1. Using DSSP to call loops (not H, G, I, E or B), can you name the trypsin sites (Lys or Arg not before Pro) in region 1-102 whose Cβ has at most 15 other Cβ atoms within 10 angstrom?
2. Under the rule of -39500 (n - 2.57) per DSSP H run of 4 or more residues, summed and divided by the residues of the chain, what mean residue ellipticity at 222 nm is obtained, to the nearest 500 deg cm²/dmol?
3. Give me the percent of accessible area attributable to carbon and sulfur for region 53-120, probe 1.4 angstrom.
4. For region 55-139, take the alpha-carbon Rg, divide it by the Kirkwood Rh, and send me Rg/Rh.
5. Summing +1 for each Lys or Arg and -1 for each Asp or Glu, what net charge is found among the other residues whose Cβ lies under 15 Å from the Cβ of Gly126?
6. Ordered by residue, what ³J(HN,Hα) values in Hz, to whole numbers, does region 33-50 give under the Karplus form 6.51 cos²θ - 1.76 cosθ + 1.60, where θ = phi - 60° and Gly and Pro are x?
7. Where does each of 128-138, 65-75 land if you order them by average Cβ count within 10 Å, highest first?
8. State the number of lysine pairs found in region 13-164 whose Cα atoms come within less than 15 Å, restricting to pairs 8 or more positions apart or on distinct chains.
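The values are calculated or read from the model by the stated rules, or taken from the named source; none is laboratory data. If you're wondering where the values come from, they're calculated on a predicted model, not measured in any experiment. Please note: Cβ atoms are built from the backbone with ideal geometry, for glycine as well, and neighbour counts cover all protein chains shown. Please note that ligands, DNA and RNA were not included when accessible areas were found on the heavy atoms of the full protein model with its side chains. Shrake-Rupley method; radii C 1.70, N 1.55, O 1.52, S 1.80 Å.
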Amino acid sequence: MQQNNLQIKEVQFANAVLLPEIVKMIEEGHTVTLRLRGFSMRPFLEDNRDKALLTKPLNVKTGDPVLAEIAPGHFVLHRIVAIDGQKVTLRGDGNLSDEHCQLSDIRASVVGFYRKGRTKLDRTDGTKWRVYSWLWMHLYPIRRYLLAFYRRIWLKLFPVHIKE
């Protein structure tokens with residue numbers, strides 16, 4: 001892929017190798033754009049299609065998407081659903097169960113997402129994301145049915161296309 005006479009090469013690494021290096025870069029004060037892998041943030045973020053812009057975690061709160069290390073070498077990018085002292089409860093938008101960590105295990109905050117191949121960032125502090133987040137978090141009791149509809153019907157009618 002050629003862009004402004006620069007050669008851009010995309011490579012893939014196992015999360016256990018890549019994510020600790022990304023955490024080091026974030027701790028040094030850099031921001032990192034990471035292509036998302038996995039299905040835990042469906043229906044709004046898709047595997048290998050969307051990207052997250054990550055930065056140092058400052059003042060995280062309920063509703064924020066974060067990169068957390070829930071076990072040594074096991075990272076997830078999920079939304080904070082509760083904070084009780086130092087204990088944090090996380091849940092992926094496409095998940096029905098919770099995961100837990102400590103505040104100190106949060107390695108990065110998400111500034112925003114590049115969705116559907118777009119170059120414009122959907123910021124997590126913007127109105128669009130905040131409305132979506134509030135609504136989706138409050139739909140938790142019926143999320144099981146919404147996700148089943150999405151997987152069984154919506155994706156068959158409107159398959160996900162990955163733009164390079």
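1. Lys9, Arg37, Lys61
2. -6000 deg cm²/dmol
3. 50
4. Reported Rg/Rh, Kirkwood definition of Rh: 0.96.
5. +3
6. 9, 10, 5, 7, 10, x, 10, 6, 10, 5, x, 9, 10, 10, 4, 6, 10, 9
7. 65-75, 128-138
8. Here the count comes out as 8.
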